[in-house]
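These notes concern the structure reproduced below.
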Amino acid sequence: MSQPIHDVVIIGGGPAGLTAGLYCSRARLDTLLVEQMILGGQVMITTEVENYPGFPGGITGPELMERFQTHCLEFGLQVTTGNVETIIDDGKTKKVIVDGKEVLTRAIIVATGAQPRKLGVEGEQELIGRGVSYCATCDGAFFRNVPVTINGGGDTAVEEAMFLSRFASKVYLVHRRDELRAISVLQERLFANDKIEVIWNSTIKTCQGDNSGLTHVVLENTQTGEISKLETQGLFVAIGVTPKTQFLEGIVDLDKDGYVISAPACHTSVPGIFVAGDVRQGVLKQITTAVGDGATASWRVGQYLEESE
Ligand code: NAP
(Lines give C-alpha, C1' and ligand atoms only; values in the text may rest on other atoms or scores of the structure.)
Protein backbone atom coordinates (compact mmCIF):
# COMPACT_ATOMS: atom_id res chain seq x y z
CA MET A 1 0.00 0.00 0.00
CA SER A 2 1.40 3.41 -0.91
CA GLN A 3 2.10 5.85 1.88
CA PRO A 4 -0.46 8.65 2.41
CA ILE A 5 0.55 12.16 1.46
CA HIS A 6 -0.67 14.79 3.92
CA ASP A 7 -1.67 18.24 2.67
CA VAL A 8 0.35 19.85 5.43
CA VAL A 9 2.60 18.78 8.27
CA ILE A 10 2.96 21.24 11.12
CA ILE A 11 6.15 20.90 13.15
CA GLY A 12 5.68 22.12 16.72
CA GLY A 13 2.64 22.25 18.99
CA GLY A 14 2.86 25.62 20.74
CA PRO A 15 0.35 28.46 20.16
CA ALA A 16 1.52 29.01 16.56
CA GLY A 17 1.43 25.33 15.63
CA LEU A 18 -1.90 24.67 17.33
CA THR A 19 -3.49 27.70 15.67
CA ALA A 20 -2.18 26.52 12.31
CA GLY A 21 -3.61 23.11 13.17
CA LEU A 22 -7.01 24.63 13.88
CA TYR A 23 -7.08 26.68 10.69
CA CYS A 24 -5.76 23.95 8.39
CA SER A 25 -8.00 21.20 9.73
CA ARG A 26 -11.02 23.51 9.69
CA ALA A 27 -10.17 24.22 6.03
CA ARG A 28 -10.51 20.44 5.50
CA LEU A 29 -6.83 19.96 4.75
CA ASP A 30 -5.32 16.61 5.73
CA THR A 31 -3.21 18.02 8.56
CA LEU A 32 -0.69 16.26 10.80
CA LEU A 33 0.96 18.07 13.70
CA VAL A 34 4.25 16.63 14.97
CA GLU A 35 5.22 17.59 18.51
CA GLN A 36 8.48 16.57 20.16
CA MET A 37 7.24 16.48 23.76
CA ILE A 38 3.95 17.88 25.02
CA LEU A 39 1.48 20.15 23.26
CA GLY A 40 1.44 23.77 24.39
CA GLY A 41 5.08 24.80 23.98
CA GLN A 42 6.66 27.36 26.27
CA VAL A 43 3.25 28.56 27.49
CA MET A 44 3.00 25.29 29.41
CA ILE A 45 5.69 26.61 31.76
CA THR A 46 4.02 30.00 32.20
CA THR A 47 2.18 30.42 35.48
CA GLU A 48 -0.20 33.21 34.61
CA VAL A 49 -1.06 34.63 31.18
CA GLU A 50 -2.67 38.03 31.61
CA ASN A 51 -2.24 39.56 28.15
CA TYR A 52 -4.19 37.13 26.01
CA PRO A 53 -7.44 38.85 25.02
CA GLY A 54 -10.68 37.34 26.18
CA PHE A 55 -9.44 36.24 29.60
CA PRO A 56 -9.83 39.19 31.98
CA GLY A 57 -8.19 38.33 35.28
CA GLY A 58 -5.76 36.02 33.47
CA ILE A 59 -5.56 32.31 32.82
CA THR A 60 -2.81 29.81 33.58
CA GLY A 61 -0.58 28.79 30.67
CA PRO A 62 -1.50 25.08 30.84
CA GLU A 63 -5.23 25.87 30.99
CA LEU A 64 -5.01 28.14 27.95
CA MET A 65 -3.09 25.52 25.99
CA GLU A 66 -5.55 22.82 26.99
CA ARG A 67 -8.28 24.96 25.41
CA PHE A 68 -6.22 25.43 22.23
CA GLN A 69 -5.72 21.68 22.02
CA THR A 70 -9.38 20.79 22.58
CA HIS A 71 -10.39 23.34 19.96
CA CYS A 72 -8.02 21.87 17.31
CA LEU A 73 -9.09 18.31 17.99
CA GLU A 74 -12.75 19.35 17.45
CA PHE A 75 -11.82 19.94 13.81
CA GLY A 76 -10.00 16.64 13.41
CA LEU A 77 -6.37 17.69 13.68
CA GLN A 78 -4.11 14.62 13.66
CA VAL A 79 -1.31 14.76 16.24
CA THR A 80 1.76 12.59 16.64
CA THR A 81 4.75 12.72 18.98
CA GLY A 82 8.23 12.49 17.55
CA ASN A 83 11.49 14.23 16.85
CA VAL A 84 11.80 15.79 13.41
CA GLU A 85 15.33 15.05 12.25
CA THR A 86 15.29 16.72 8.86
CA ILE A 87 13.19 17.67 5.85
CA ILE A 88 13.84 16.45 2.34
CA ASP A 89 12.41 18.79 -0.24
CA ASP A 90 11.48 16.85 -3.36
CA GLY A 91 9.48 19.75 -4.82
CA LYS A 92 5.75 19.10 -4.76
CA THR A 93 6.13 16.25 -2.27
CA LYS A 94 8.26 16.78 0.80
CA LYS A 95 9.56 14.23 3.29
CA VAL A 96 9.58 15.01 6.97
CA ILE A 97 11.85 12.54 8.74
CA VAL A 98 10.35 11.80 12.15
CA ASP A 99 12.38 9.45 14.37
CA GLY A 100 13.92 7.91 11.25
CA LYS A 101 10.60 7.41 9.44
CA GLU A 102 9.43 9.29 6.34
CA VAL A 103 6.21 11.30 6.53
CA LEU A 104 5.05 12.60 3.14
CA THR A 105 3.40 15.97 2.73
CA ARG A 106 2.67 18.64 0.16
CA ALA A 107 3.41 21.57 2.48
CA ILE A 108 5.06 22.21 5.85
CA ILE A 109 4.61 24.80 8.57
CA VAL A 110 7.59 25.13 10.92
CA ALA A 111 6.39 26.29 14.34
CA THR A 112 9.11 24.88 16.56
CA GLY A 113 9.50 27.94 18.78
CA ALA A 114 12.46 28.52 20.99
CA GLN A 115 14.12 27.08 24.07
CA PRO A 116 15.78 28.74 27.08
CA ARG A 117 19.34 29.90 26.49
CA LYS A 118 22.05 28.53 28.79
CA LEU A 119 24.62 30.68 30.55
CA GLY A 120 27.52 28.48 29.52
CA VAL A 121 29.44 28.98 32.77
CA GLU A 122 31.38 26.52 34.89
CA GLY A 123 29.21 24.34 37.12
CA GLU A 124 25.94 25.16 35.32
CA GLN A 125 25.56 21.90 33.42
CA GLU A 126 26.59 19.70 36.38
CA LEU A 127 24.07 21.36 38.71
CA ILE A 128 21.03 21.17 36.42
CA GLY A 129 18.28 19.53 38.48
CA ARG A 130 20.30 20.09 41.66
CA GLY A 131 19.69 23.82 41.97
CA VAL A 132 20.06 25.11 38.42
CA SER A 133 16.80 25.39 36.49
CA TYR A 134 15.38 27.10 33.41
CA CYS A 135 11.75 27.03 34.56
CA ALA A 136 10.52 28.64 37.76
CA THR A 137 6.98 27.43 37.16
CA CYS A 138 8.19 23.84 37.02
CA ASP A 139 10.74 23.86 39.83
CA GLY A 140 9.99 26.91 42.01
CA ALA A 141 7.99 25.01 44.62
CA PHE A 142 11.06 22.90 45.48
CA PHE A 143 12.70 26.02 46.93
CA ARG A 144 10.57 26.79 49.97
CA ASN A 145 12.08 29.09 52.59
CA VAL A 146 15.54 29.19 51.01
CA PRO A 147 17.24 31.97 49.02
CA VAL A 148 17.09 31.72 45.23
CA THR A 149 18.58 33.71 42.38
CA ILE A 150 17.22 34.54 38.97
CA ASN A 151 19.45 35.73 36.18
CA GLY A 152 18.14 38.04 33.44
CA GLY A 153 16.33 41.33 33.02
CA GLY A 154 13.53 40.56 30.55
CA ASP A 155 9.82 39.81 31.01
CA THR A 156 10.54 36.16 31.82
CA ALA A 157 13.08 36.93 34.54
CA VAL A 158 10.80 39.46 36.22
CA GLU A 159 7.71 37.26 36.04
CA GLU A 160 9.67 34.30 37.38
CA ALA A 161 11.19 36.38 40.20
CA MET A 162 7.69 37.30 41.36
CA PHE A 163 6.54 33.71 41.11
CA LEU A 164 9.54 32.50 43.11
CA SER A 165 8.86 35.06 45.85
CA ARG A 166 5.81 32.97 46.80
CA PHE A 167 8.08 30.16 48.00
CA ALA A 168 11.61 31.37 48.59
CA SER A 169 12.84 33.22 51.68
CA LYS A 170 14.57 35.74 49.42
CA VAL A 171 14.87 36.25 45.66
CA TYR A 172 17.93 37.89 44.11
CA LEU A 173 17.53 39.07 40.55
CA VAL A 174 20.96 39.41 38.94
CA HIS A 175 21.06 41.59 35.84
CA ARG A 176 24.04 42.57 33.73
CA ARG A 177 22.98 46.22 33.28
CA ASP A 178 21.52 48.99 35.45
CA GLU A 179 18.07 48.90 33.87
CA LEU A 180 15.68 46.10 33.09
CA ARG A 181 14.42 45.13 29.66
CA ALA A 182 11.04 43.97 31.04
CA ILE A 183 7.93 46.06 30.38
CA SER A 184 7.04 48.80 32.90
CA VAL A 185 4.01 47.09 34.45
CA LEU A 186 6.16 44.10 35.43
CA GLN A 187 8.97 46.32 36.71
CA GLU A 188 6.54 48.21 38.95
CA ARG A 189 5.40 44.94 40.54
CA LEU A 190 8.96 43.73 40.94
CA PHE A 191 10.13 46.87 42.73
CA ALA A 192 7.09 46.75 45.02
CA ASN A 193 7.94 43.20 46.16
CA ASP A 194 9.89 43.28 49.45
CA LYS A 195 11.25 39.78 49.02
CA ILE A 196 13.08 40.61 45.78
CA GLU A 197 16.44 42.34 45.65
CA VAL A 198 17.93 43.36 42.32
CA ILE A 199 21.69 43.03 41.97
CA TRP A 200 22.56 45.41 39.14
CA ASN A 201 25.52 45.39 36.74
CA SER A 202 26.45 41.83 37.52
CA THR A 203 26.99 38.57 35.70
CA ILE A 204 27.31 35.03 36.97
CA LYS A 205 30.80 33.64 36.49
CA THR A 206 30.40 30.18 38.06
CA CYS A 207 27.89 27.99 39.84
CA GLN A 208 29.29 26.08 42.80
CA GLY A 209 27.88 23.36 44.98
CA ASP A 210 28.45 20.29 47.08
CA ASN A 211 26.79 16.89 47.36
CA SER A 212 23.47 18.48 48.31
CA GLY A 213 23.40 20.70 45.22
CA LEU A 214 24.00 24.37 44.43
CA THR A 215 25.34 26.37 47.36
CA HIS A 216 26.36 29.68 45.77
CA VAL A 217 27.11 31.56 42.58
CA VAL A 218 30.11 33.75 41.92
CA LEU A 219 29.25 37.20 40.58
CA GLU A 220 31.32 39.73 38.68
CA ASN A 221 30.41 43.40 38.72
CA THR A 222 30.45 44.56 35.10
CA GLN A 223 31.44 48.13 36.13
CA THR A 224 34.14 47.53 38.71
CA GLY A 225 35.23 43.96 37.96
CA GLU A 226 34.67 43.11 41.64
CA ILE A 227 34.10 39.41 42.33
CA SER A 228 31.68 38.34 45.07
CA LYS A 229 29.94 35.23 46.34
CA LEU A 230 26.15 34.98 46.60
CA GLU A 231 24.72 32.17 48.71
CA THR A 232 21.75 30.63 46.95
CA GLN A 233 20.22 27.17 46.69
CA GLY A 234 18.44 27.83 43.41
CA LEU A 235 19.56 29.51 40.21
CA PHE A 236 16.89 30.17 37.60
CA VAL A 237 18.39 31.18 34.28
CA ALA A 238 16.11 33.48 32.23
CA ILE A 239 18.46 35.13 29.77
CA GLY A 240 16.38 34.73 26.64
CA VAL A 241 15.75 31.98 24.16
CA THR A 242 17.30 30.35 21.11
CA PRO A 243 15.25 29.09 18.15
CA LYS A 244 14.84 25.36 17.60
CA THR A 245 16.06 25.20 14.04
CA GLN A 246 19.07 22.89 13.98
CA PHE A 247 17.17 20.42 11.83
CA LEU A 248 16.62 23.17 9.23
CA GLU A 249 20.28 24.08 8.71
CA GLY A 250 21.08 23.98 4.99
CA ILE A 251 17.39 23.51 4.14
CA VAL A 252 15.82 26.96 4.58
CA ASP A 253 17.58 30.31 5.03
CA LEU A 254 18.34 31.09 8.69
CA ASP A 255 19.81 34.28 10.13
CA LYS A 256 23.03 34.32 12.18
CA ASP A 257 21.09 33.56 15.37
CA GLY A 258 19.27 30.60 13.80
CA TYR A 259 15.88 32.27 13.28
CA VAL A 260 14.04 31.43 10.05
CA ILE A 261 14.16 34.27 7.54
CA SER A 262 10.68 34.83 6.16
CA ALA A 263 9.69 37.22 3.43
CA PRO A 264 6.97 37.99 2.74
CA ALA A 265 5.35 37.02 6.05
CA CYS A 266 5.48 33.30 6.84
CA HIS A 267 7.16 32.22 3.57
CA THR A 268 10.62 30.65 3.91
CA SER A 269 13.25 30.47 1.16
CA VAL A 270 11.75 27.12 0.04
CA PRO A 271 8.38 27.02 -1.75
CA GLY A 272 5.87 25.03 0.26
CA ILE A 273 7.72 25.43 3.58
CA PHE A 274 6.20 28.11 5.81
CA VAL A 275 7.08 29.38 9.27
CA ALA A 276 5.07 30.69 12.21
CA GLY A 277 5.69 32.00 15.72
CA ASP A 278 8.79 32.63 17.82
CA VAL A 279 11.06 30.72 15.45
CA ARG A 280 10.48 33.36 12.75
CA GLN A 281 13.03 36.16 12.47
CA GLY A 282 12.11 39.57 13.82
CA VAL A 283 8.71 38.88 15.36
CA LEU A 284 7.30 40.02 18.67
CA LYS A 285 7.34 36.94 20.90
CA GLN A 286 3.85 36.81 22.33
CA ILE A 287 1.05 34.25 22.31
CA THR A 288 -1.10 36.71 20.39
CA THR A 289 1.47 37.15 17.62
CA ALA A 290 2.14 33.41 17.44
CA VAL A 291 -1.59 32.88 16.99
CA GLY A 292 -1.67 35.48 14.20
CA ASP A 293 1.27 33.79 12.53
CA GLY A 294 -0.39 30.38 12.74
CA ALA A 295 -3.43 31.77 10.93
CA THR A 296 -1.33 33.57 8.30
CA ALA A 297 0.86 30.54 7.61
CA SER A 298 -2.26 28.36 7.15
CA TRP A 299 -3.67 30.85 4.68
CA ARG A 300 -0.35 30.82 2.78
CA VAL A 301 -0.46 27.01 2.72
CA GLY A 302 -3.97 27.12 1.23
CA GLN A 303 -2.80 29.48 -1.51
CA TYR A 304 0.29 27.37 -2.21
CA LEU A 305 -1.68 24.12 -2.48
CA GLU A 306 -4.18 25.69 -4.87
CA GLU A 307 -1.43 27.15 -7.05
CA SER A 308 0.55 23.93 -7.16
CA GLU A 309 -2.37 21.69 -8.12
P1 NAP B 1 14.65 38.65 26.51
O2 NAP B 1 13.56 39.65 26.41
O3 NAP B 1 15.51 38.38 25.33
O4 NAP B 1 15.56 39.10 27.74
C5 NAP B 1 16.71 38.40 28.06
C6 NAP B 1 17.38 39.08 29.25
O7 NAP B 1 18.54 38.34 29.60
C8 NAP B 1 17.83 40.51 28.95
O9 NAP B 1 17.61 41.32 30.05
C10 NAP B 1 19.32 40.32 28.67
O11 NAP B 1 20.10 41.43 29.08
C12 NAP B 1 19.68 39.16 29.53
N13 NAP B 1 20.76 38.36 28.95
C14 NAP B 1 20.86 37.87 27.70
N15 NAP B 1 21.98 37.14 27.55
C16 NAP B 1 22.61 37.19 28.75
C17 NAP B 1 23.81 36.64 29.24
N18 NAP B 1 24.60 35.88 28.47
N19 NAP B 1 24.15 36.89 30.52
C20 NAP B 1 23.36 37.63 31.31
N21 NAP B 1 22.20 38.19 30.92
C22 NAP B 1 21.84 37.97 29.65
O23 NAP B 1 14.12 37.18 26.95
P24 NAP B 1 12.80 36.76 27.78
O25 NAP B 1 12.61 37.58 28.98
O26 NAP B 1 12.89 35.28 27.90
O27 NAP B 1 11.63 37.08 26.77
C28 NAP B 1 11.63 36.46 25.46
C29 NAP B 1 10.45 37.05 24.69
O30 NAP B 1 9.23 36.56 25.24
C31 NAP B 1 10.40 38.57 24.75
O32 NAP B 1 10.00 39.05 23.52
C33 NAP B 1 9.36 38.85 25.82
O34 NAP B 1 8.69 40.09 25.65
C35 NAP B 1 8.42 37.66 25.64
N36 NAP B 1 7.72 37.35 26.89
C37 NAP B 1 6.53 37.95 27.10
C38 NAP B 1 5.84 37.72 28.27
C39 NAP B 1 4.51 38.37 28.49
O40 NAP B 1 4.03 39.07 27.61
N41 NAP B 1 3.86 38.20 29.63
C42 NAP B 1 6.38 36.88 29.26
C43 NAP B 1 7.63 36.31 29.03
C44 NAP B 1 8.29 36.57 27.84
P45 NAP B 1 20.02 42.85 28.29
O46 NAP B 1 18.74 43.47 28.71
O47 NAP B 1 21.24 43.54 28.80
O48 NAP B 1 20.12 42.51 26.83
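The values are calculated or read from the model by the stated rules, or taken from the named source; none is laboratory data. Remember, predicted model here, so these are calculated numbers, not experimental data. Backbone-built Cβ (ideal geometry, glycine too); neighbour counts: all protein chains shown.
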Q.
Of everything in the range 261-306, what is away from the ligand (no atom under 13 Å from the Cβ), in contact (Cβ under 8 Å) with a residue 24 or more places away in the chain and hydroxyl-bearing (Ser, Thr, Tyr)? Give them in sequence order.
A. 268, 296, 298, 304
Q. Which residue out of 145, 201 is of a type outside the set (Phe, Trp, Tyr) and either more than 16 Å from the ligand (Cβ to nearest atom) or buried (at least 23 other Cβ atoms within 10 Å of the Cβ) (or both)?
A. 145
Q) For residues in the range 132-141 being under 19 Å from residue 230 (Cβ atoms) and out of contact with any helix residue (DSSP H, G or I) (no Cβ under 9 Å at 6 or more places or on another chain), which is nearest to the ligand (Cβ to nearest atom)? A) 132
Q.
Looking for something free of Cβ contacts under 8 Å to residues at least 60 places away in the same chain and either buried (at least 16 other Cβ atoms within 10 Å of the Cβ) or not assigned by TED's automatic domain parsing to the domain that holds residue 212 (or both) - is there at least one such residue anywhere in the range 233-245?
A. no
(Q) Here is a check on your reading of the model: is residue 56 assigned to a helix (DSSP H, G or I) and within 16 Å of the ligand (Cβ to nearest atom)? (A) no
Q | Tally, over the range 30-44, of residues that are surrounded by 13 or more Cβ atoms within 10 Å (Cβ to Cβ), more than 10 Å from the ligand (Cβ to nearest atom) and hydrophobic (A, V, I, L, M, F, W, C) | A | 5
Q. Among the residues of the range 112-128, which ones are outside any loop (DSSP other than H, G, I, E, B) and β-branched (Val, Ile, Thr)?
A. 128
Q: Working only within the range 160-198, note down all residues that are among the hydrophobic types (A, V, I, L, M, F, W, C), more than 10 Å from the ligand (Cβ to nearest atom) and loosely packed, with under 15 Cβ neighbours inside 10 Å.
A: 191, 192
Q) Of 161, 168, which residue is of a type in the set (Gly, Ala, Ser), within 21 Å of residue 241 (Cβ to Cβ) and touching a helix residue (DSSP H, G or I) at 6+ places or on another chain (Cβ under 9 Å)? A) 161
